[in-house]
Amino acid sequence: MNEKIIIIGGKGAAVVLADQILHAARFYNAPYEFIGFCIDDPNLGNNINGVPILCKINELNDKYNNLTDVKYFFALYKPSCMQERVKMFQNLNLPPQKFINFIHPSSYIAPSAELGIGNVVCSNVTINCNARIGNFNTLNGNVLFGHDTTLGNYNILAGSATISSEITIGDGNFIGLNSTIRDRVQIGDFNIVGMASAVLHDIESFRTVVGSPARELKT
């Protein structure tokens, strides 16, 4: 039986995820059925790319929590306000059983890797042996995730990011396009790694780093 999917969000990453789900179902016969978005913005009208907007965010619990075949993905993250968006998600108090993992069929996940719930693994991602991935993370297209590396919760790995081996990454981080993280690096919480950056050393928390090698951006 196909899982019926509602995406919480309606812009940027939410639309990318929608197209990933539709592509997986159409071309790989993956067991997903994308039924619509949940978003508050009235400027979006009643559909996005022909897919309906089903309800506002505060209506989701009442309308869909009791439908066991309907699952959710949260796609309202934004790099510049990750703490705020994570708090927003937590305050929705959605039941854990309403979340599954979306894994595009073109991706490779090692048999020894472990994933929590609510994760998005887009096309052509590689997750290598003994990787540990928590909950509600997004790994965008062509991400390479190294062996024995641990990822916490609520992280976004942008397209073509390379995460090497034996790395520990906390919660709420944004890892930019084409960035690279060296093996055995430790990264805390709610950091931003700029696009095409090369992270060679540990990052604590609440930092923005850019460049090659990556250095903290002072604001």
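Taken together, the values in this text are just the output of simple stated rules run on the coordinates, not laboratory data. This is a predicted model, so every value here is computed, not measured. With ideal geometry, Cβ positions are generated from the backbone for all residues, glycine too; neighbour counts draw on all protein chains shown.
Quick notes
- The stretch between residue 216 and residue 56, if pulled fully straight at 0.36 nm per residue, gains 53.8 nm over its current Cα-Cα span.
- Contour excess over end-to-end distance, with Cα ends at residue 183 and residue 33 and 0.36 nm allotted per residue: 50.2 nm
- Of the beta bridges in segment 138-219, as assigned by DSSP with both residues counted there, near 10 percent are antiparallel.
- Relative to the longest principal axis of the Cα atoms of the chain, helix 82-91 runs at roughly 40 degrees.
- DSSP-defined antiparallel bridges as percent of all bridges, the chain, nearest 5: 10
- In the chain, helices alone account for a calculated mean residue ellipticity at 222 nm of -4000 deg cm²/dmol, with every DSSP H run of four or more residues adding -39,500 (n - 2.57).
- Relative compactness, segment 3-98, computed as alpha-carbon Rg over 2.2 N^0.38 Å: 1.05
- J(HN,Hα) series, segment 59-73, from Karplus relation 6.51 cos²θ - 1.76 cosθ + 1.60, nearest Hz, glycine and proline x: 9, 4, 4, 5, 7, 10, 4, 8, 8, 5, 8, 9, 10, 10, 10
- Near the amide H of residue 199, within less than 5 Å, lie the amide hydrogens of 180, 181, 182, 214, all on another chain or at least 5 residues away, with H placed in the peptide plane.
- Crossing angle, helix 13-28 versus the chain [Cα axis fit, 0-90 degrees, rounded to tens]: 70
- Pairwise label distance in nanometres, residue 206 with residue 49, each label 7 Å out on the Cα-Cβ vector: 3.7
- Given charges at beta-carbon only (K, R positive; D, E negative), |dipole| of the chain in Debye: 260
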